[in-house]
Amino acid sequence: MRNATFFKIYIAFSILYLIVLFTGHENLDLYLKPALVPLLGFGVYFHRKFPSKNILLSALLFSWIGDVILLFADIAEIYFILGLLSFLIAHLSYCVLFNKQIIGEIQINKILFAVGSLLIAFYLTAMILVLIPRLGELKIPVIIYAAVISTMLLFAFNGYLIWKKPGALYIFLGAVAFVASDSILAFDKFYAPIQKSSFFIMLTYLVAQYLIVVGIIKLNTKKAD
């Protein structure tokens with residue numbers, strides 16, 4: 001199947017890209033990074049039709065736009081803000097996407113959901129308290145972004161409790177990896193430099209996108225397939 005081929009190419013190209021970052025050749029970002037997410041997009045596009053396919057493609061599109069814009073973040077602050085906006089739309093798309101998935105037969109464990117919600121809220125609060133003294137004019141945009149990505153994680157956790165496995169696990173782990181990626185980026189940019197930050201940001205980001213895409217496809221794959 002063509003979609004499986006694109007996913008394999010994505011994995012291979014991601015490994016190559018991460019090796020390039022780890023060895024310190026970050027100047028090749030401009031040539032390699034823009035090719036990554038489109039491979040996942042093609043994989044989704046050539047997969048059979050399912051109800052939320054266009055929403056997933058929209059999330060990947062805005063993620064790709066954010067990837068490209070952030071390549072120029074060192075030139076001017078406006079590029080960082082525009083990249084943040086693109087990923088904000090991508091995360092909102094993921095929220096809608098997760099909300100539209102067919103639920104499983106098992107009812108939600110309210111206690112477990114409450115505990116997970118509190119942990120996510122605690123994480124969001126802690127990150128904001130740590131970063132807020134250093135955000136300057138970006139205080140409001142970053143707080144809004146942090147709230148949205150935390151909501152995305154909450155939706156994924158809720159889905160983990162009610163969706164069918166293993167798709168539910170893929171999506172939840174992907175959401176966790178996405179939050180980890182953005183957290184590393186924020187900590188590195190606003191708080192203190194992290195050694196090989198680009199490598200760790202992209203490692204978690206590429207894993208996140210792959211797991212979410214594969215998880216959604218697994219949730220929407222019929223047994224007959």
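Ordering 204, 107, 24 by the projection of their Cα atoms onto the charge dipole of the chain, which places +1 on the Cβ of Lys and Arg and -1 on the Cβ of Asp and Glu, puts 107 at the extreme positive end. Among the chymotrypsin sites (Phe, Trp or Tyr not before Pro) in segment 106-155, none is located in a DSSP loop while being surrounded by at most 11 other Cβ atoms within 10 Å of its own Cβ. The value given for segment 16-72 is a Kirkwood hydrodynamic radius of 12.5 Å, derived from the mean inverse Cα-Cα separation. Listed by chain and number, the lysines whose alpha-carbon sits under 28 Å from that of residue 189, ignoring those within fewer than 8 places in the same chain, are 33, 139. Comparing mean-square fluctuations of 148, 37, 115 from a GNM of the chain with C-alpha springs under 10 Å, the top value falls on 115. Cross-link partners for residue 164 among the lysines, with Cα-Cα distance under 23 Å and sequence neighbours closer than 8 places in the same chain left out: 49, 53, 100, 110, 218, 222, 223. Set against the 2.2 N^0.38 Å expectation for a compact globular protein, segment 46-146 has a Cα radius of gyration ratio of 1.35. Placing +1 on the Cβ of every Lys and Arg and -1 on the Cβ of every Asp and Glu, with nothing else charged, gives segment 114-216 a dipole about its Cα centre of roughly 140 debye.
Among 44, 20, 214, the largest mean-square fluctuation in a Gaussian network model of the chain, built with springs joining Cα atoms closer than 10 Å, belongs to 20. Restricting segment 21-116 to GluC sites (Glu not before Pro) that sit in a DSSP loop and have at most 14 other Cβ atoms within 10 Å of their own Cβ leaves 105.
Relative intensity of segment 99-225 on a log10 scale, I(q)/I(0) at q = 0.15 Å⁻¹, equals -0.75, per a Debye sum over C-alpha point scatterers of equal strength in the absence of solvent. Within the chain, the percentage of alpha carbon pairs spaced more than 27 angstrom apart rounds to 33%. Applying the criteria of a DSSP loop state and at most 11 other Cβ atoms within 10 Å to the trypsin sites (Lys or Arg not before Pro) of segment 1-54 yields 49.
Residue 6 exposes around 50 Å² of accessible area when a 1.4 Å probe is run over every protein chain in place.
The values are calculated or read from the model by the stated rules, or taken from the named source; none is laboratory data. It should be emphasised that the depicted structure is a prediction, and the values quoted were computed from it without experimental measurement. Positions of Cβ are backbone-derived with ideal geometry, glycine not excepted, and every protein chain shown enters the neighbour counts. Calculation scope for accessible area: heavy atoms of the full protein, side chains included, ligands and nucleic acids excluded. Shrake-Rupley method; radii C 1.70, N 1.55, O 1.52, S 1.80 Å.
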